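Enquirer: Right, I'll just put the structure down here and ask away after.
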Amino acid sequence: KHLMFNDPDPHVRQESVTGLAPFPSKKNIHDLIKFLVNEKNKMVALRGEAVLLAIPAQRLIKAFKRVLKTKDEEIKNRVLLLYSSFQKKSDVYLYYLIRELKKAKNDKARLPIIESLGLLENQKALTVLNENLHASPLIAYASMSSIVRIWKFSRDFPIIDYLESKSLVDINKQIALKHFIKISKESDYTKQVIETLTKFLRHTNLNLRYLAVQALSILKDKSILEPFMMSIFSKLDDSTQEILKKTVVNIISDDTASLTSLLEEYKHNPTAMNEILSMVEKSTRIRAKFLSLWPQLTDSPLDLLNSPYSGSLMRIVLSLIMEQKITLSQLLHTLQSDEKKIKLLSLFSRQIKNHPTLKTEIPPHIITKWLDDAPPESSKDMIGLLGHSNSEKAIPLLVSIALDRRYEHVHAAAVNSLGNLVGGAV
């Protein structure tokens, strides 16, 4: 024992405490607890705890009862916690702890008792713990921690009571919400739970906002899209914005009908539309489905080609064409009217101007098919598009258009496109 308490070498202390294992007397148990209180080296302390917990439970409990009468507060507090671990759900020990709590004169004395009530995991302790949620910040925090320990994985955890409490401080609401996230499943999300969590999306406390987003994200359901979008528009902190957008993208990626519904709902809200289209642009999963989405995006009621958001749509189209995920021909094929096809070509031409060296699949016959019927400005756009064609037929076509007096209104555009294809002025 002398070596166990006094030797400067941790290895010697560790071996010395191991030597007590075959001698589980009350005195040795008392000394082991005293050792655990004073030992600074974590590895050595863990060895001492292993020796202590290897002692038969009945003998250990008897020794604990004796040690609880000690006047050494540190040793007594350590035993309180250890005893709770051995007396799970015990009513007798619960009432003992409650009596001790009433006698405690300060927070230092109350804290280990509150922690012991949590370790005891007796539901009857919840009443006294709930009462202590209004004590000092330290005791209130410890009480909330013990409360969630007692509830463990019970699905009856009263999350609404804690979140809607006007007297419960934010830090303890965070503990309650973290616990709910840990144990809950989709079936636990009643209408009232969803409504309460939705209110927390705009809470002044950053951590509670973030946790509310996490909690609602479990739903992966389009019912949370509207409150999430409203929160995104509120321009919250970056971390909350990130998880809000990630959740929205996950939902609309799995259910593209919810994407089109969202776009329809916010069609007259430029801020919302640009935000949604930006999320679409950045989502790999949605981009992979873009070709199947194209008809819904370009037909009524959305008709994005003829909307203020056509530029955002063309940015997505251009990036997908540059990545060779889709072709212009595929997009044109799905459009029902010539008017829309001309519109697409015109819009795409304006977008591709920002990439003068880009060459892509633009079959010349696509241009010539509508050149005579297109409005003058659209005709110029389509001729400009030929300057980005990778087809060898584009150059002779542009030459013939430049020389044909019928197309005098697009002569300058044809010359510029030729210069772009041959790499210099024409």
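The values are calculated or read from the model by the stated rules, or taken from the named source; none is laboratory data. It should be emphasised that the depicted structure is a prediction, and the values quoted were computed from it without experimental measurement. Methodologically, a virtual Cβ is constructed for each residue, glycine included, from the backbone with ideal geometry; neighbour enumeration extends over all protein chains shown. Protein only, heavy atoms only, side chains kept; ligands, DNA and RNA dropped before computing areas. Shrake-Rupley method; radii C 1.70, N 1.55, O 1.52, S 1.80 Å.
Enquirer: If you go through segment 299-320 one residue at a time, how many are under 23 Å from His365 (Cα atoms) and touching a residue at least 40 places away in the same chain (Cβ under 8 Å)?
Expert: Residues that pass the stated criteria total 1.
Enquirer: It is to be established whether one or more residues within segment 18-28 are aliphatic (A, V, I, L, M) and in a helix (DSSP H, G or I). Spell out the reasoning first.
Expert: First, pick out the residues of segment 18-28 that are aliphatic (A, V, I, L, M): 20-21.
From what is left, the residues that are in a helix (DSSP H, G or I) are none.
No, that holds for no residue.
Enquirer: Can you give me the ranges of the helices (runs of 4 or more DSSP H) entirely in segment 126-230 with at least 2 residues that are of a type in the set (A, V, I, L, M) and surrounded by 19 or more Cβ atoms within 10 Å (Cβ to Cβ)?
Expert: Working: elements: 126-131, 137-151, 159-163, 170-183, 191-200, 206-217.
Filter on segment 126-230 gives 137-151, 159-163, 170-183, 206-217.
Enquirer: Look at segment 32-48 and say how many of its residues are under 43 Å from the mean Cα position of the chain (by Cα) and either within 25 Å of Val92 (Cα to Cα) or of a type in the set (Lys, Arg) (or both).
Expert: Taking segment 32-48 first, the residues under 43 Å from the mean Cα position of the chain (by Cα) are 36-48.
Remaining after also requiring either within 25 Å of Val92 (Cα to Cα) or of a type in the set (Lys, Arg) (or both): 40, 42, 47.
Selection size over segment 32-48: 3.
Enquirer: Would you check if Ser16 is open to solvent by less than 80 Å² (accessible area, probe 1.4 Å), among the polar types (S, T, N, Q) and free of Cβ contacts under 8 Å to residues at least 24 places away in the same chain? Step through it out loud before you land on a result.
Expert: Numbers: open to solvent by less than 80 Å² (accessible area, probe 1.4 Å): yes; among the polar types (S, T, N, Q): yes; free of Cβ contacts under 8 Å to residues at least 24 places away in the same chain: yes.
Yes, satisfied.
Enquirer: With (1) more than 43 Å from the chain's Cα centre (by Cα); (2) touching a residue at least 40 places away in the same chain (Cβ under 8 Å) as the list, and Lys69 as the residue in question, which single condition is left unmet?
Expert: (2)
Enquirer: Whether any residue in segment 316-324 is surrounded by fewer than 19 Cβ atoms within 10 Å (Cβ to Cβ), of a type in the set (Gly, Ala, Ser) and at pLDDT 85 or above is what I want to check.
Expert: yes
Enquirer: For segment 56-95, which positions are over 19 Å from Arg149 (Cα atoms) and open to solvent by 50 Å² or more (accessible area, probe 1.4 Å)?
Expert: Pro56, Gln58, Arg59, Lys62, Lys65, Arg66, Lys69, Lys71, Asp72, Glu73, Glu74, Val92 - these are the residues of segment 56-95 that are over 19 Å from Arg149 (Cα atoms) and open to solvent by 50 Å² or more (accessible area, probe 1.4 Å).
Enquirer: Does Asn207 qualify as being over 30 Å from Glu264 (Cβ atoms) and more than 19 Å from the chain's Cα centre (by Cα)?
Expert: Details: over 30 Å from Glu264 (Cβ atoms): yes; more than 19 Å from the chain's Cα centre (by Cα): no.
No, not satisfied.
Enquirer: Hey, any hits in segment 138-154 for a residue that's at pLDDT 95 or above, among the basic types (Lys, Arg) and under 21 Å from the mean Cα position of the chain (by Cα)?
Expert: No - not one qualifying residue is present in segment 138-154.
Enquirer: While we're here: What's the total number of residues in segment 11-45 that are in contact with a Leu (Cβ under 6 Å, 6 or more places away or on another chain) and closer than 20 Å to Arg66 by Cα?
Expert: Number of matching residues: 2.
Quick grid of which residues meet (1) within 25 Å of Thr298 (Cβ to Cβ); (2) touching a His at 6+ places or on another chain (Cβ under 6 Å); (3) assigned to a loop (DSSP other than H, G, I, E, B):
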site: Leu358; (1), (2), (3): yes, yes, yes
site: Ile367; (1), (2), (3): yes, no, no
site: Trp370; (1), (2), (3): yes, no, no
site: Lys380; (1), (2), (3): yes, no, no
site: Leu397; (1), (2), (3): no, no, no
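Enquirer: Taking segment 353-362 as the region of interest, how many residues are of a type outside the set (D, E, K, R), in contact (Cβ under 8 Å) with a residue 12 or more places away in the chain and within 14 Å of Asn416 (Cα to Cα)?
Expert: 1
Enquirer: Here is a further query. Can you find a residue that is at pLDDT 90 or above, farther than 24 Å from His268 by Cβ, of a type outside the set (Asp, Glu) and crowded, with 20+ Cβ neighbours inside 10 Å anywhere in segment 350-371?
Expert: Looking for residues that are at pLDDT 90 or above, farther than 24 Å from His268 by Cβ, of a type outside the set (Asp, Glu) and crowded, with 20+ Cβ neighbours inside 10 Å, one finds none in segment 350-371, hence no.
Enquirer: Out of everything in segment 313-339 that is aliphatic (A, V, I, L, M) and assigned to a loop (DSSP other than H, G, I, E, B), what residue ends up being nearest to the chain's Cα centre (by Cα)? Show your work before the answer.
Expert: Start the filter on segment 313-339 by keeping residues that are aliphatic (A, V, I, L, M), which leaves 313-314, 316-318, 320-322, 326, 328, 331-332, 335.
Remaining after also requiring assigned to a loop (DSSP other than H, G, I, E, B): 326, 335.
Working: Ile326: 31, Leu335: 37 Å.
For segment 313-339, the residue satisfying everything is Ile326.
Enquirer: Would you point out the residue of segment 235-282, among those that are more than 19 Å from the chain's Cα centre (by Cα) and not in a helix (DSSP H, G or I), that is surrounded by the fewest Cβ atoms within 10 Å (Cβ to Cβ)? Steps first, please.
Expert: Residues of segment 235-282 that are more than 19 Å from the chain's Cα centre (by Cα), as a first pass: 256-274, 277, 281.
Now restrict to residues that are not in a helix (DSSP H, G or I): 266-269.
Details: Tyr266: 18, Lys267: 17, His268: 10, Asn269: 13.
Taking the candidates together, the pick is His268.
Enquirer: Can you list residue pairs whose Cβ atoms sit under 7 Å apart, with the first residue in segment 38-54 being within 17 Å of Pro24 (Cα to Cα) and the second being open to solvent by 60 Å² or more (accessible area, probe 1.4 Å) and in a loop (DSSP other than H, G, I, E, B)? Count only pairs 6 or more apart in sequence or on different chains.
Expert: Qualifying pairs under 7 Å: none.
Enquirer: Does at least one position in segment 289-312 carry a residue that is of a type in the set (Val, Ile, Thr), assigned to a helix (DSSP H, G or I) and in contact with an Asp or Glu (Cβ under 8 Å, 6 or more places away or on another chain)?
Expert: Going through segment 289-312, the residues of a type in the set (Val, Ile, Thr) turn out to be 298.
With assigned to a helix (DSSP H, G or I) added as a condition, the list becomes 298.
Narrowing further to those that are in contact with an Asp or Glu (Cβ under 8 Å, 6 or more places away or on another chain): none.
Checking segment 289-312: not a single residue is of a type in the set (Val, Ile, Thr), assigned to a helix (DSSP H, G or I) and in contact with an Asp or Glu (Cβ under 8 Å, 6 or more places away or on another chain).
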